[in-house]
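Student: Can you read through this structure? Questions will come right after.
The values are calculated or read from the model by the stated rules, or taken from the named source; none is laboratory data. Here the structure is a predicted model, which means the values were calculated and not measured. Counting neighbours? That spans all protein chains shown, and the Cβs are built from the backbone with ideal geometry, glycine included. Each accessible area value is taken on the protein alone, full model and side chains, heavy atoms only, with ligands, DNA and RNA left out. Shrake-Rupley method; radii C 1.70, N 1.55, O 1.52, S 1.80 Å.
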Amino acid sequence: SMLMTSVSGHLLELDFKGSYKKWHSCQPVALFDAPVEKHCPDQFKDIQRTLEREARQCHVLVIWTDCDREGENIGTEVIDVCKAVKPNIRVYRARFSDFTPQSISSACRNLTQPDYRLSDAVNVRSELDLRIGAAFTRFQTLRLQKIFPNVLSDQVISYGSCQFPTLGFVVERYKAIQNFIPETFYKIKVSHETDAGKVDFNWKRNRLFNHTACLVLYQIVMENPLARVVNVHSRPKSKWRPQPLETVELEKLASRKLKINAKETMKIAEKLYNQGFISYPRTETNMFSKDMDLPGLVQLQTADPSWGGFAAGVLQTGPNPRNGNKTDNAHPPIHPTKYTDNLQGNEKRIYEFIVRHFLACLSQDAQGQETTVEIDINGEKFTAQGLMIIARNYLDVYPYDKWNAKVIPVFHQGETFQPSVIEMTQGETGPPPLLTEADLIALMEKHGIGTDATHAEHIETIKSRMYVGVRDDGRFVPGELGMGLVEGYDAMGYEMSKPHLRSELEADLKLICEGRKDPKGVLTEQVEKYKQVFIEACAQATKIDEALGIYLGEAQPIA
């Protein structure tokens, strides 16, 4: 017989031993070397006792936690608790990616061993985050509360090696906008109106930043303003269907297309997964394996009045996934595992998005015919493009992408005409826009800040600490505290807000997971690296005071 029980996330918590837990017990620099231990918090003691009781009566322990780094680490915590009371208990690992009967049955038949390398990577990251976060947070908070008592007396000024680069991206974009100097440019605009409609031609030189040069070319054009069609070219044009859905893409697309933030998206996705409606939502995989029953999954969706007909069409032609090239070797792309029409609100919208994305990626690219017309006016070349959509294909089920036809009049090579308008215009270059949440997640992914499982959490942290604010249009602006902290650390010459320190760690963690780096070596090296940065930061602490003073008012001297 098999007995099932559960845990509620992490069973054990890493913390400093004894008096080191207290803020005033030591100088913050001591936290880089202070002893740490894992213990079971009071709220999980009942779970610990249940595990101990059941372990004493059993010969075999099977771990069924999620099959990612965090799940492996939680499973290892369960193993440690059970082995403490029954050292000889045999341990196996069930590997699965969704709650379908087939997946559960397959996991039971193919039990493996726990992957302690994944768990080691989490332990290294947890200990490093604890030491760095506690040392810098205590240093910043205790110092700045005294120096700016009117503004910061009750505020925790936290530091995290992921949250700070995340803040850095927001500050960097804001400063790029503040420091942006617009440049005037000039271009020649040509348009022509016929009975079949109006067409705008784009100058092949696009734009020039020299007024005189553009004026000379414009005058040459106007000497003989007759347009001659030198080329008419038609070619097939495709709009690619989406690739199978992975976590970062889900977060970005839900933020952009559904206006649901990453934290809410992942909370809903976890709930849908636990209800058996979708596969595991934390995955880096964007390719379906050949042994997945895609027709069976599509068949489940044929009952829906909105997309059932499209699903039936996919079955007729055969599912044809546009696979990417990423896999975490643990979970398939996010996809529906069961049909439901009983959801409400944002849960319904997220589920519908996942279903429509799944069907779209198994369908066909949209097909069109693009016509390019090139004209010559006294030596200057201009082009116009038209688009005729021949087959919408995946667009019929995927309203989140737009592809609009553009009708232009028919032109023939060799014909001439007098354009309706030829004029020289001017404009100004503009600054880049403030970051959206989707932009921020893309930057975090590109630079290796956090993981698909933690992006939303880091963004929420910098919002809750008031380091950044979010405008009504969903774009991020740095707060005064966030600006001051980044500028203070940058003034020291340590680019704490830049991503390279954290991305080096994330790369090392990946190597631990692959068995190519020793966890203890990585931990020792990273702790020493951050400790040296911390010592230097303390020595130059007045630079943080000065930077914050610009935003928060005059700094009070420390007695």
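Student: If I take R0 = 41 Å and measure r between the Cβ atoms of Tyr20 and Gln102 in this structure, what FRET efficiency does the formula 1/(1 + (r/R0)^6) give, to the nearest 0.05?
Tutor: The pair Tyr20/Gln102 has a calculated efficiency of 0.25.
Student: Using only alpha carbon positions, build the gyration tensor of segment 304-423, then give the equivalent ellipsoid semi-axes as the square roots of 5 times its eigenvalues, largest first, whole angstrom.
Tutor: 43, 16, 15
Student: Can you give the convex hull volume of the alpha carbon atoms of segment 409-558 per residue, in Å³?
Tutor: 276
Student: Direction-averaged shadow area of the convex hull around the Cα atoms of segment 142-276, nm²?
Tutor: Directional mean of the projected Cα hull area for segment 142-276 stands at 19.1 nm².
Student: Shifting gears a bit: Grab the alpha carbons of segment 424-507, take their convex hull, and tell me the volume per residue in Å³.
Tutor: In segment 424-507, the Cα convex hull volume per residue is 158 Å³.
Student: Rounded to the nearest 500, what is the chain's calculated 222 nm mean residue ellipticity when only DSSP H runs of at least 4 contribute -39500 (n - 2.57) each, over all residues?
Tutor: -13500 deg cm²/dmol
Student: Calculate one ³J(HN,Hα) per residue across segment 503-516 by plugging θ = phi - 60° into the Karplus curve 6.51 cos²θ - 1.76 cosθ + 1.60, and present them in order as whole Hz with x for glycine and proline.
Tutor: 5, 5, 5, 4, 5, 5, 4, 5, 5, 4, 4, 8, x, 9
Student: To continue, here is another question. What's the magnitude of the charge dipole for segment 111-267 around its Cα centre, counting Lys and Arg as +1 and Asp and Glu as -1 at the beta-carbon? Answer in Debye, nearest 20.
Tutor: Using only the charged Cβ atoms, the result is roughly 300 debye.
Student: Where in segment 378-416 is the amide nitrogen less than 20 Å from a point lying 7 Å along the Cα-to-Cβ axis of Val216?
Tutor: Under cut-off, by backbone N: 378-382.
Student: Of all the accessible heavy-atom surface of the chain, with the other protein chains kept in place and a 1.4 Å probe, what percent is carbon and sulfur?
Tutor: Of the solvent-accessible surface of the chain, carbon and sulfur hold 49 percent.
Student: For segment 311-364, report the convex hull volume of the alpha-carbon atoms normalised per residue, in Å³, without decimals.
Tutor: 104
Student: Something else now. Give me the Kirkwood hydrodynamic radius of segment 111-222, using the inverse of the mean 1/r over all pairs of distinct Cα atoms, in Å to one decimal.
Tutor: Kirkwood hydrodynamic radius for segment 111-222: 21.1 Å.
Student: Between Asn325 and Asn88, how high is the FRET efficiency from 1/(1 + (r/R0)^6) when r is the Cβ-Cβ distance and R₀ = 45 Å? Nearest 0.05.
Tutor: Between Asn325 and Asn88 the formula returns 0.55.
Student: Still on this structure, please answer the following. Taking θ = phi - 60°, what integer Hz values does the Karplus form 6.51 cos²θ - 1.76 cosθ + 1.60 yield along segment 431-443, in sequence order, with x for Gly and Pro?
Tutor: Couplings: x, x, x, 4, 6, 8, 4, 5, 4, 5, 5, 4, 5 Hz.
Student: How far is helix 480-491 tilted off the main Cα axis of the chain, in degrees rounded to 10, range 0 to 90?
Tutor: In the chain, helix 480-491 runs at an angle near 90 degrees to the longest axis.
Student: Dipole of the chain (Lys/Arg Cβ +1, Asp/Glu Cβ -1, origin at the Cα centre): which of Ala107, Asn378, Ser126 lies farthest to the positive side?
Tutor: Comparing the listed Cα positions along the dipole, Ala107 ranks first.
Student: Using only Cα atoms and rounding to the nearest 10 degrees, what angle (0 to 90) does helix 455-464 make with the longest principal axis of the chain?
Tutor: For helix 455-464, the angle is close to 80 degrees.
Student: Quick one: check the C-alpha center-to-center distance for segment 496-555 versus segment 404-472, whole angstrom.
Tutor: Answer, in whole Å: 31.
Student: While we're looking at this one, here's another question. Dividing the alpha-carbon Rg of segment 178-221 by 2.2 N^0.38 Å yields what?
Tutor: It is 1.54.
Student: For segment 87-137, treating each Cα as an identical point scatterer without solvent, what Debye log10 I(q)/I(0) comes out at q = 0.29, 0.30, 0.32 1/Å?
Tutor: So the normalised log intensities are -1.01, -1.03, -1.07.
Student: For percent of Cα pairs over 38 Å apart, which listed value, (1) 35; (2) 38; (3) 48, comes from the coordinates shown?
Tutor: Only one option fits the structure, namely (3).
Student: Mind giving me the FRET efficiency for Val421 and Asp472? R0 is 41 Å, r the Cβ-Cβ distance, nearest 0.05 is fine.
Tutor: E(calc), rounded to 0.05, equals 0.60.
Student: Given Cβ point charges of +1 (Lys, Arg) and -1 (Asp, Glu) and nothing else, what value in debye, to the nearest 20, does the dipole of the chain about its Cα centre take?
Tutor: In total the dipole reaches around 720 debye.
Student: Also, quick follow-up: Obtain the nm distance between the two label points defined at Ser8 and Ala405 by a simple spin-label model: each point lies 7 Å from its Cα along the Cα-to-C-beta direction.
Tutor: Computed distance between label sites Ser8 and Ala405 equals 5.8 nm.
Student: Also, quick follow-up: What spacing in nm lies between the two simple spin-label points modelled at Asp365 and Lys45, each 7 Å away from Cα in the Cβ direction?
Tutor: Result for the modelled spin labels: 6.3 nm.
Student: Mean separation of Cα pairs under 8 Å and 6+ residues apart, divided by the residue count of segment 282-393: what relative contact order is that in percent?
Tutor: 26
Student: Where the only charges are on Cβ atoms (+1 Lys, Arg; -1 Asp, Glu), what is the dipole of segment 278-405 about its Cα centre, to the nearest 20 debye?
Tutor: Computed about the Cα centre, the dipole is about 340 debye.
Student: Here's another thing I want to ask about it. Write out the trypsin sites (Lys or Arg not before Pro) in segment 145-247 meeting two conditions: DSSP loop, and at most 13 other Cβ atoms within 10 Å of their Cβ.
Tutor: Lys204
Student: Further, regarding this structure: For Met222, what is the net charge nearby, where nearby means another residue's Cβ is under 14 Å from its Cβ and Lys, Arg count +1, Asp, Glu -1?
Tutor: Residues near Met222 contribute -2 overall.
Student: For segment 1-87, which chymotrypsin sites (Phe, Trp or Tyr not before Pro) are both in a DSSP coil and crowded by at most 16 other Cβ atoms within 10 Å?
Tutor: Trp23
Student: Any idea of the accessible area per residue across the chain, 1.4 Å probe, to the nearest Å²?
Tutor: 49
Student: Can you tell me the length gained on complete extension of the stretch Ile177 to Thr372, counting 0.36 nm per residue apart and subtracting the Cα distance?
Tutor: Answer, rounded to one decimal: 66.6 nm.
Student: Counting only GluC sites (Glu not before Pro) that are in a DSSP loop and have at most 15 other C-beta atoms within 10 Å, tell me the longest site-free stretch of the chain.
Tutor: Here the longest run is 184-414.
Student: Any lysines with Cα under 18 Å of the Lys510 Cα? List them, leaving off those in the same chain fewer than 8 positions away.
Tutor: Answer for Lys510, where 18 Å is the Cα cut-off: Lys326, Lys446, Lys520, listed by chain and number.
Student: While we're here: Past 23 Å, Cα to Cα, is the threshold; run Lys271/Lys348; Lys22/Lys498; Lys22/Lys517; Lys463/Lys529 against it and keep the listed order.
Tutor: Cα-Cα > 23 Å for Lys22/Lys498; Lys22/Lys517; Lys463/Lys529; rest within.
Student: Could you sort the peptides 386-392, 274-280, 255-261 by per-residue average Cβ neighbour count (10 Å cutoff), highest mean leading?
Tutor: 274-280, 255-261, 386-392
Student: Quick one: give the max-minus-min coordinate of the C-alpha atoms of segment 1-156 along each principal axis, largest first, in Å.
Tutor: 63, 31, 25
Student: Still on this structure, I have one more. With the contact rule set at Cα under 8 Å and sequence spacing of 6 or more, what percent relative contact order holds for the chain?
Tutor: Over the chain, the number comes to 19 percent.
Student: Moving to a separate point now. Report the Cα centroid-to-centroid distance between segment 156-186 and segment 76-129 in angstrom, as an integer.
Tutor: 41
Student: So what is the orientation-averaged projected area of segment 208-329, using the convex hull of its C-alpha atoms, in nm²?
Tutor: 15.0
Student: In degrees from 0 to 90, rounded to the nearest 10, what is the angle of the helix 211-223 Cα long axis to the longest principal axis of the chain?
Tutor: With rounding to tens, the tilt is 40 degrees.
Student: Still on this structure, I have one more. Each residue of segment 57-64 in turn: what ³J(HN,Hα) in whole Hz from Karplus with 6.51, -1.76, 1.60 and θ = phi - 60°, glycine and Pro shown as x?
Tutor: With the stated coefficients, segment 57-64 comes to 9, 10, 9, 10, 10, 10, 8, 10 Hz.
Student: Moving on to the next point. Just flag the trypsin sites (Lys or Arg not before Pro) in segment 332-368 sitting in loop per DSSP whose Cβ has no more than 10 other Cβ atoms within 10 Å.
Tutor: Here no trypsin sites (Lys or Arg not before Pro) fit, given the DSSP loop and packing criteria.
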